[in-house]
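First comes the structure, then the notes that go with it.
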Amino acid sequence: MKIPSLKVLFEGAKETMLRFPFVILASVIGAGFMIYLLDVPFDRQDAYKHLYNVVMVCSLGISFLLSLVFICERIKTSKTISIVVQIIGVILLVAYYFSLPGEVGYKDITRYFLFMIGMHLLVSFSPFVNKGISLERRGFWQFNQNLFIRILITGVYSGVLYAGLSIAILSFNNLFEARIDSKIYGQLFFFILGVFNTWFFLSGLPNNLDELESMDLYPKGLKIFTQYVLLPLVIIYLLILYLYMGKIIVQWQLPMGWVSYLVLGFSTTGIFSLLLIEPLREMEGINWIKKFSKWFYLILFPLIILLFTAILRRTGEYGITERRYFVFVLAVWLTVMAIYFSISKIKNIKIIPYSLCLIAFLTSFGPWGAFSLSERSQMGRLEEILTKNKILVDGKIVKSVNPIPDEERQDVSSVIQFLSERKSLDRIQPWVDHSIDTIKGGVVNNIYKSKEAKIADLMGIGYQLYKRYNQSDNKYYYITSKEYGYINIQGYDFAI
């Protein structure tokens, strides 16, 4: 094997830079800000929170701008038009940055992850957007297996480089008593991640996208990984889930909520395995793959019923939250995929990333989205409990003088906490006469109370976020502090 010269490496890096200038720039800027933020003293972190938003946008921009490059290359635009398209992409990213609050909350982070998922999926089919969903299936597979292999190789190279340099720094520090600040390890991590990792990954992406459809390459290592690692995991998942279904039938009890994650994990692993072995379906002498592909989706149907039963049970008891919303949406998607791959003669795998990308974006906003629907559900649940206990009368909160059951008190507390985490406490403003925004956490009768606890006090309900467990004569209470920072205890000796 011939080791490339520095000139060859430099030329390769230059070509990659000229092909993906804005992608590399976004990655370098994001890494640079993270390196800088690691050097900011802890007591000054609040003044630099907006820089984390820059890092978020840069991370999002890597996959978004990469997709734009592939689209322009595939439709064969000029270099000038490609640059203009990428500049428009940068403008959209800047607009997204200004849409973020100074301090991002639960909804902002969740929406960001949805965008990240959508953008990564967009990369997987961006070179084929002008070819229709039914064309260039082999090229689509070759492109994505190249991405998959490239991610694995880049991860190994970056990991070895980071480990090697970290050990070198540690050795130098200990042998020469250099007193190097430990933050250098974090800064080195982000430098390798943002500069070397991205640059190296991009350098191995296919240059001629038109040639992918004519390629007939299936890596032996990928075949071994799929057959002897992923498929055995699918079988193990399958056995566990069907044994659990048997237990449910025998004991005649509703399934536990977390089984939905196991079903989704099994389905994801199985579908991913089928995607990886897709070209083998057309090869002679490997008939078992065709049979496995056919039976896998048929086997899914009983598990889909189990999945719907579990999630509908949790939704019926505790209302809709974003997590249950996404599980339900994925259950619907899984049902559609199982029906499609069971009855379709084409069995086009391109429909998987297309549909998931669409779901990721559509569920992130609008009255049908995860956040609006979840908040409406929890508000309805809160209104029902308060009305039942005569705390909400004629649309106004009347402080309760009678205790309410612990379970309902906990439900009310959890909804208040739910709204607080999403910065949506203003939804209960019509029920109270004074401004919700003026309520702050503070000391009441020598006891510190959070904003949520004070709102519960307005209803005459003791704030109880967690269950109280009773075992014989013993009582166990679990408490937690939601507020962070320093509490002034001047005039006292201890704060407990």
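Side notes on the structure shown:
- Residue in the range 195-207 that is open to solvent by 70 Å² or more (accessible area, probe 1.4 Å) and under 25 Å from Glu15 (Cα atoms) present: yes
- The set of residues in the range 59-76 that are open to solvent by 20 Å² or more (accessible area, probe 1.4 Å) and either under 17 Å from Tyr112 (Cβ atoms) or of a type in the set (D, E, K, R) (or both) comprises Ser59, Ile62, Phe64, Glu73, Lys76.
- The criterion of being without any contact (Cβ under 8 Å) to a residue 12 or more places away in the chain, open to solvent by 40 Å² or more (accessible area, probe 1.4 Å) and of a type in the set (A, V, I, L, M, F, W, C) holds for Val160.
- For the range 333-347, taking the residues that are of a type outside the set (A, V, I, L, M, F, W, C) and surrounded by fewer than 17 Cβ atoms within 10 Å (Cβ to Cβ), the one that is farthest from Thr309 (Cα to Cα) is identified as Lys345.
- If the condition is being part of a loop (DSSP other than H, G, I, E, B) and either at pLDDT 85 or above or open to solvent by less than 40 Å² (accessible area, probe 1.4 Å) (or both), then the range 211-222 contributes Tyr218, Pro219.
- Single match in Leu386, Leu382 (criterion: farther than 16 Å from Thr321 by Cβ and crowded, with 18+ Cβ neighbours inside 10 Å): Leu386
- Scope the range 33-58; condition over 26 Å from Ala360 (Cα atoms) and either of a type in the set (Gly, Ala, Ser) or crowded, with 18+ Cβ neighbours inside 10 Å (or both); matching residues: Phe33, Met34, Ile35, Leu37, Ala47
- Of the residues Phe190, Phe140, Phe172, Phe225, the single one that is modelled with pLDDT of 95 or more and surrounded by 12 or more Cβ atoms within 10 Å (Cβ to Cβ) is Phe190.
- Which listed residue is surrounded by 13 or more Cβ atoms within 10 Å (Cβ to Cβ) and farther than 30 Å from Glu383 by Cβ, from Leu241, Leu298, Leu330: Leu241
- Long-range neighbours under 9 Å by Cβ, at least six apart or interchain, first residue in a helix (DSSP H, G or I) within the range 296-311, second buried (at least 18 other Cβ atoms within 10 Å of the Cβ) and charged (D, E, K, R): Ile311/Arg324
- Residues that are open to solvent by 20 Å² or more (accessible area, probe 1.4 Å) and either touching a strand residue (DSSP E or B) at 6+ places or on another chain (Cβ under 9 Å) or modelled with pLDDT of 90 or more (or both), drawn from the range 423-449: Lys423, Asp426, Arg427, Gln429, Pro430, Trp431, Asp433, Gly441, Val443, Tyr448, Lys449
- Residue in the range 255-273 that is part of a helix (DSSP H, G or I), more than 22 Å from the chain's Cα centre (by Cα) and of a type in the set (A, V, I, L, M) present: no
- Number of residues in the range 451-469 that are small (Gly, Ala, Ser), out of contact with any Ser or Thr (no Cβ under 7 Å at 6 or more places or on another chain) and open to solvent by 20 Å² or more (accessible area, probe 1.4 Å): the value is 1.
- Filtering the range 164-210 to residues that are touching a residue at least 12 places away in the same chain (Cβ under 8 Å), part of a loop (DSSP other than H, G, I, E, B) and among the hydrophobic types (A, V, I, L, M, F, W, C) leaves only Leu205.
- Qualifying residue in the range 93-108 (condition: within 26 Å of Ile351 (Cα to Cα) and not acidic (Asp, Glu)): no
- From the list Gly257, Gly186, the one residue that fits, being in contact with a helix residue (DSSP H, G or I) (Cβ under 6 Å, 6 or more places away or on another chain) and not aliphatic (A, V, I, L, M), is Gly257.
- Spans of helices (runs of 4 or more DSSP H) in the range 36-126 with at least 1 residues of a type in the set (Asp, Glu): 49-74, 106-125
The values are calculated or read from the model by the stated rules, or taken from the named source; none is laboratory data. All values derive from a computational prediction rather than experimental measurement. Cβ coordinates were reconstructed from backbone atoms using ideal geometry, including for glycine residues, and neighbour counts include every protein chain displayed. For accessibility, only protein heavy atoms count, side chains too; no ligands or nucleic acids. Shrake-Rupley method; radii C 1.70, N 1.55, O 1.52, S 1.80 Å.
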